[in-house]
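What follows draws every value from the coordinates through simple rules; no lab data is involved. Computed from a prediction, not measured in an experiment: that's the story for all the values here. Every residue, glycine among them, receives a Cβ derived from its backbone with ideal geometry; neighbour counts consider all protein chains shown.
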Amino acid sequence: MFETICIKPNEHTFPTDIGFIAENLLYYQNVKIIAGTDTLPILINNCGIETLLELLTNRNLKILVRENLLGVSSAQANTGQSLNDVVLMSSESLNKEEIIFRGIFKASGRRGYSKRTTQRLLPLIDTIKYQNNICDLVREDLSNSDYIKRSIIDAINFYNPALTLRPEEIDYAFVKSTEVSFSKPTLTIRK
């Protein structure tokens with residue numbers, strides 16, 4: 001048996017039903033799922049809240065919610081050129097309790113039930129946060145043109161395997177600019 005697996009489900013292509021979770025629990029002592037307001041309803045609808053609570057209580061399954069997001073900030077240079085940078089975004093109003101509540105409410109459509117269930121899940125769900133240096137690591141990857149060209153080819157081949165493309169056929173340049181100073185974006189969530 002393996003020790004741990006960490007899964008970041010994509011609700012469109014990655015199953016998060018009870019069979020998927022059970023299969024992972026057979027092979028791994030600990031299964032961690034990074035969930036958001038889109039993933040929680042899928043887990044609740046596909047597994048059932050009581051089953052989910054039982055798995056979380058036994059500590060075989062751990063659900064983590066993100067406290068911040070990785071995004072792109074854009075600004076206009078004096079030349080009119082659009083400049084983009086990688087940024088971390090967070091909001092004080094979008095905390096663990098709010099993320100859980102929104103996920104449950106999305107699954108059930110019932111406010112009172114969602115509040116009660118949130119209180120049951122709150123001590124069983126942990127948070128995860130991107131570290132501050134993640135933006136520098138992304139910029140480092142973006143500056144590696146061979147890596148980016150290969151990634152572009154892989155993405156195109158995933159969606160259209162018949163299309164063949166070579167790295168030499170792709171024009172890519174990572175250009176650093178000090179012309180615009182990007183500030184940390186603030187995200188406001190209105191309830």
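Determine by what factor the alpha-carbon radius of gyration of region 71-132 differs from 2.2 N^0.38 Å, reporting the quotient.
Details: Rg = 17.8 Å, N = 62, 2.2 N^0.38 = 10.6 Å.
Region 71-132 yields a ratio of 1.69.
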(message) Can you tell me what share of the DSSP beta bridges in the chain is antiparallel? A percent to the nearest 5 is fine.
(response) 40
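Using the Cα centre of region 6-111 as the reference point, and only Cβ charges (+1 on K/R, -1 on D/E), how large is the resulting charge dipole? Debye, rounded to the nearest 20. Don't skip to the answer; put the middle values down first.
Working: 10 positive and 11 negative charges, 25 e Å.
Dipole of region 6-111, to the nearest 20 debye: 120 debye.
Averaged across orientations, what area in nm² does the convex hull of the alpha carbons in region 111-161 project?
Numbers: hull surface 28.3 nm².
Over every viewing direction, the Cα hull of region 111-161 projects on average to 7.1 nm².
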(message) Please list log₁₀ I(q)/I(0) at q = 0.17 Å⁻¹ for the chain, using the Debye equation with identical point scatterers on the alpha-carbon positions.
(response) -1.16
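Would you mind working out the magnitude of the charge dipole of region 83-147 relative to its Cα centre, with +1 at each Lys and Arg C-beta and -1 at each Asp and Glu C-beta, to the nearest 20 Debye? Write out the running numbers ahead of the final one.
Numbers: 10 positive and 9 negative charges, 190 e Å.
So the dipole magnitude of region 83-147 works out to roughly 920 debye.
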(message) Can you give me the C-alpha center-to-center distance between region 69-90 and region 47-62, rounded to a whole angstrom?
(response) 40
(request) Under 20 Å Cα to Cα from LYS176, which aspartates and glutamates show up? Leave out anything in the same chain fewer than 8 places away. (result) ASP85, ASP136, GLU140, ASP141, ASP146
(message) If the only charges are +1 at each Lys and Arg Cβ and -1 at each Asp and Glu Cβ, what is the size of the charge dipole of the chain around the Cα centre, to the nearest 20 debye?
(response) 980
(request) Filter the cross-link list LYS62/LYS129; LYS8/LYS32; LYS32/LYS96; LYS8/LYS62; LYS62/LYS96; LYS129/LYS149 down to pairs whose alpha-carbon distance in this structure exceeds 18 Å. (result) LYS129/LYS149
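Can you give the net charge of the other residues whose Cβ lies under 9 Å from the Cβ of LEU122, counting K and R as +1 and D and E as -1? Walk me through the intermediate numbers first.
Numbers: positive: LYS96, ARG120; negative: GLU97.
Net charge in that neighbourhood comes out at +1.
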(request) Take THR37, THR178, THR164 and order them by how many other Cβ atoms sit within 10 Å, fewest up front. (result) THR178, THR164, THR37
